[in-house]
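Notes for the one structure printed next.
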Amino acid sequence: MPIRTIILWLWQSSRDNRLQTILNTAIGLLEVAVSLASVWAVQRAVDIAAHSREGDLILAVAIMALLVLGNFALAMASVWVRNILGIRAQNRMRQKLLSRILRSEWQGREAMHTGDVLNRLEQDVTSVVNFVAETLPNALSVVALFVGAFCYLFSMDHTLAILVVVIFPIFLILSKFYVKKMRKLAMDVRRSDSIVQSTMQESVQNRLLVKTLEGEDTVVGKLDGQQRELQRKVVKKTKFSLFSNLMVNTGFACGYLLAFAWSAIRMSAGALTYGGMTAFLQLVNKIQNPARDIAKLAPQFVQVLTAAERLMTLENVPQEEQGEPMKIKAPCGVMINNVTYAYSDDPQHPVINNLTYDFKPGTCTAIIGETGAGKTTLLRMILSLVQPDSGHIYIYNKEKKIEATPQTRCNIIYVPQGNTMLSGTIRDNLLLGDTNATDEQMYQALETACADFVKELPNGLDTEFSEQGGGMSEGQAQRVCIARALLRQCPLMILDEATSALDPQTEQHLLRNLLADASHTVIFITHRPAVLKYCSASLNLRKA
C-alpha cells in the first residue's frame with residue numbers, strides 16, 4: 001500500500017491513544033529540559049570546584065541532586081503511562097478489530113489462516129500502538145533535545161556545533177533507500193512468522209489426529225522447515241540492519257572524536273575551562289544520541305508500516321449488513337425461490353442451481369444428498385451467512401414475508417455439525433444462547449436436549465471444561481450445544497448432523513423432545529435413518 005495511505009490510517013487509529021500520546025510527549029519534553037539543565041548544572045559545579053567561577057559549591061551540588069531526582073520521577077511516570085495506558089490502548093484496538101472480524105461477511109473459504117489472524121491481532125497491534133503512543137512522542141522529545149543541545153553548543157562554539165551535525169543530512173538522504181529495502185525484508189519476516197504460528201496452532205488443535213496418524217515426525221519436520229525459512233529471512237534482515245548501524249555509528253564516532261580533539265585543543269590553549277570541556281562533551285553526546293535515535297526511527301517506521309498494512313488488510317474485510325433484528329411470530333417457514341450459488345473460485349460450476357422449495361411452517365424436513373451437493377451451503381444462505389448469486393430466500397408466516405438477511409437470523413436456532421463447545425464452564429457456553437437465561441431455563445433446555453447428566457456433575461452448571469468440551473464425550477458435548485441453541489427460543493430450528501454422536505435410543509428421545517413443540521419449523525441435514533422417520537418431508541439435493 002502507498003505509505004501516505006498507511007500514515008493516514010495510523011493517524012485515524014491514534015484517536016483512542018491521544019491521552020497516552022500527550023502524556024508521553026509532555027514527559028519527554030520535561031526530560032529534555034531536565035537533561036539540558038543537568039548539563040548546565042554539571043558545568044557550573046565543575047567550574048566552581050576548579051575556581052573558574054564564583055559560587056556556592058554545596059548549592060551547585062544540591063541543584064544537581066534535585067535534577068537527578070526530577071529525572072527519576074519522570075522515568076517512573078513514563079513507565080506508569082506506558083504500562084497502564086499502553087495495555088488499555090492495545091486492548092481497545094484488539095477489541096475493535098475482533099469486533100470487525102466477527103461482524104464481517106462469512107467468506108465460506110477464508111483467505112487468511114486463523115493463526116495469521118491471531119498473529120496480527122497480537123504482534124501487529126502491539127507494534128502500531130507502541131509506535132503511535134510511545135515512539136512518536138519520543139521522536140518529538142529527541143528532536144527537541146537535538147535542537148536544544150545544538151543551540152547550547154552553538155552558543156559556546158559555532159564551528160564545533162556545525163561540524164558535529166554536518167553528517168546528519170547524509171543519513172536523511174540514505175534513509176529513503178534504507179526504508180524501502182528494510183520494509184520488504186520486514187514484510188517477509190512477518191509472513192514467515194505467521195506461517196510458523198499457523199502450523200503450531202493447527203498442530204496443537206489437531207494433536208489427536210496427528211497422534212492417531214503417527215504423524216508427529218511429519219508435523220515437526222514441517223515446522224522445522226518453516227522455522228529454518230523464518231531464520232533465513234531474519235538473518236538476512238539482521239545483516240542489512242547491522243551493516244546500516246555500523247555505517248551510522250562509525251559516522252557518529254568520528255564526530256565525537258572530532259569534538260573531543262577540538263575541545264582538548266581549546267582547553268590546552270586556555271580558551272576553555274574544565275567545566276566548559278565537560279559541557280562540550282556532554283552536549284556532543286546529547287546531539288549525537290538524538291541523531292542516532294532519529295536514525296533508529298527508520299527501522300521502527302518500517303516495522304509499523306508493515307504492521308499497519310497487515311492490520312488494514314484485516315480491517316478491510318467486507319462488513320456484514322448491520323441493523324435492527326426483524327423477528328417473525330411462530331409458526332413461520334422458509335421459501336427458496338429459484339436460488340443459484342457458486343463459490344467465487346469456481347463461478348462456472350454452481351453448488352446450487354435454480355433451486356425452489358418451501359419449508360412450510362410447522363413442518364420437519366430432512367435435507368439429504370451426496371457430499372458436495374450443497375446441503376451446508378443452503379443452510380448458510382438461509383442463515384444469510386452467504387447471499388445467493390440469483391434468486392431469493394424468504395422467511396414468512398401468515399401475516400408477512402421478508403427476505404432473509406443478517407437481521408432475520410434472530411428467528412433461527414442453528415446447531416452446526418461437530419463439537420462447538422468453547423472452553424470455560426457449561427454456564428458460560430449456555431449463556432451464549434441467551435445472556436439473560438436463569439438456572440431454571442438452562443436446566444430446562446438441558447433436559448430437552450437429553451443433557452440431564454449436567455445435574456449429576458459435582459459443580460453442575462459451573463463445571464469447567466477445556467476447549468471443545470475436553471473432558472466430555474462427543475455425545476455429551478453435542479447435547480450441551482443443542483441446549484445452548486434452544487435457549488434462543490426461535491421459531492426456526494436448523495440442525496446440521498447435530499445428532500451424529502448419539503446412540504439410537506438417546507437420539508430418538510432427543511428428537512421426540514425437539515418435535516414436541518409444533519410451533520417450530522425444523523430443518524435437518526442428516527444421513528441418519530432415525531431422523532428421517534421423524535420428518536414429514538425431505539429435500540434431496542444433487543450435485544449441479
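Give the shape of the stretch 435-521 as rounded, prolate or oblate, defined through the alpha-carbon gyration tensor: a ≥ b ≥ c are the square roots of its eigenvalues, a/c under 1.5 means rounded, and otherwise the shape is prolate if a/b is larger than b/c and oblate if not.
Working: a/c = 1.73, a/b = 1.26, b/c = 1.37.
Verdict is oblate for the stretch 435-521.
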Ratio of Rg to Rh for the chain, alpha carbon only, Kirkwood?
-> 1.16
Can you work out ³J(HN,Hα) from phi for every residue in the stretch 63-77, in order, using Karplus 6.51 cos²θ - 1.76 cosθ + 1.60 and θ = phi - 60°, giving whole Hz and x for Gly and Pro?
-> 5, 4, 5, 4, 5, 5, 4, x, 5, 4, 4, 5, 5, 5, 4
Against the longest alpha carbon principal axis of the chain, how many degrees, from 0 to 90 and to the nearest 10, is the axis of helix 3-13 turned?
-> 80 degrees
Can you give the FRET efficiency for D358 and D503, using 1/(1 + (r/R0)^6), R0 = 41 Å, r = Cβ-Cβ distance, to the nearest 0.05?
-> 0.75
In terms of the Cα gyration tensor, with a ≥ b ≥ c the square roots of its eigenvalues, is the stretch 1-136 rounded because a/c is under 1.5, prolate because a/b exceeds b/c, or oblate?
-> prolate
Here the FRET efficiency for D345 versus D217, based on Cβ atoms and R0 = 25 Å and rounded to 0.05, is 0.15
Angle, helix 86-102 long axis vs. longest principal axis of the chain, Cα atoms, 0 to 90°, nearest 10?
-> 30 degrees
Set the Förster radius R0 to 56 Å, insert the Cβ-Cβ distance between R15 and S536 as r into 1/(1 + (r/R0)^6), and round the FRET efficiency to 0.05.
-> 0.50
Roughly speaking, to the nearest percent, how much of the chain's 1.4 Å accessible area is carbon and sulfur?
-> 59 percent
A chain fully extended from T438 to N83 at 0.36 nm per residue, minus the present Cα-Cα distance, gains in nm 123.9 nm
Gained length - L422 relative to T371, 0.36 nm times residue gap less alpha-carbon distance | 15.6 nm
The chain: angle of helix 439-448 to the longest principal axis, Cα-based, in degrees nearest 10 | 50 degrees
Out of all DSSP beta bridges with both ends in the stretch 406-496, state the antiparallel percent to the nearest 5.
-> 40 percent
Run a plain Debye calculation on the stretch 386-450 (Cα atoms as equal point scatterers, no solvent) and give log10 I(q)/I(0) at q = 0.13, 0.14 Å⁻¹, rounded to two decimals, same order as the q list.
-> -0.58, -0.65
Given K360/K543; K96/K375; K96/K236; K329/K375; K96/K184, the pairs whose alpha carbons are separated by over 32 Å = K96/K375; K96/K236
Interchain or sequence-distant (5+) residues whose placed amide H lies within less than 5 Å of the amide H of A404 are I393, Y394, I395
Using the 2.2 N^0.38 Å rule of thumb for compact globular proteins, work out how the stretch 76-154 stacks up: its C-alpha Rg over that value, please.
-> 1.62
Per residue, what accessible area does the chain have, given a 1.4 Å probe and all protein chains present, in Å²?
-> 53 Å²
With the calculation restricted to Cα positions, what are the radius of gyration and Dmax of the stretch 475-533 in angstrom?
-> 10.8, 28
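The values are calculated or read from the model by the stated rules, or taken from the named source; none is laboratory data. Given the structure is predicted, the values throughout are model-derived calculations rather than measurements. Glycine also receives a Cβ, built like all others from the backbone with ideal geometry; neighbour counts cover every protein chain displayed. Each accessible area value is taken on the protein alone, full model and side chains, heavy atoms only, with ligands, DNA and RNA left out. Shrake-Rupley method; radii C 1.70, N 1.55, O 1.52, S 1.80 Å.
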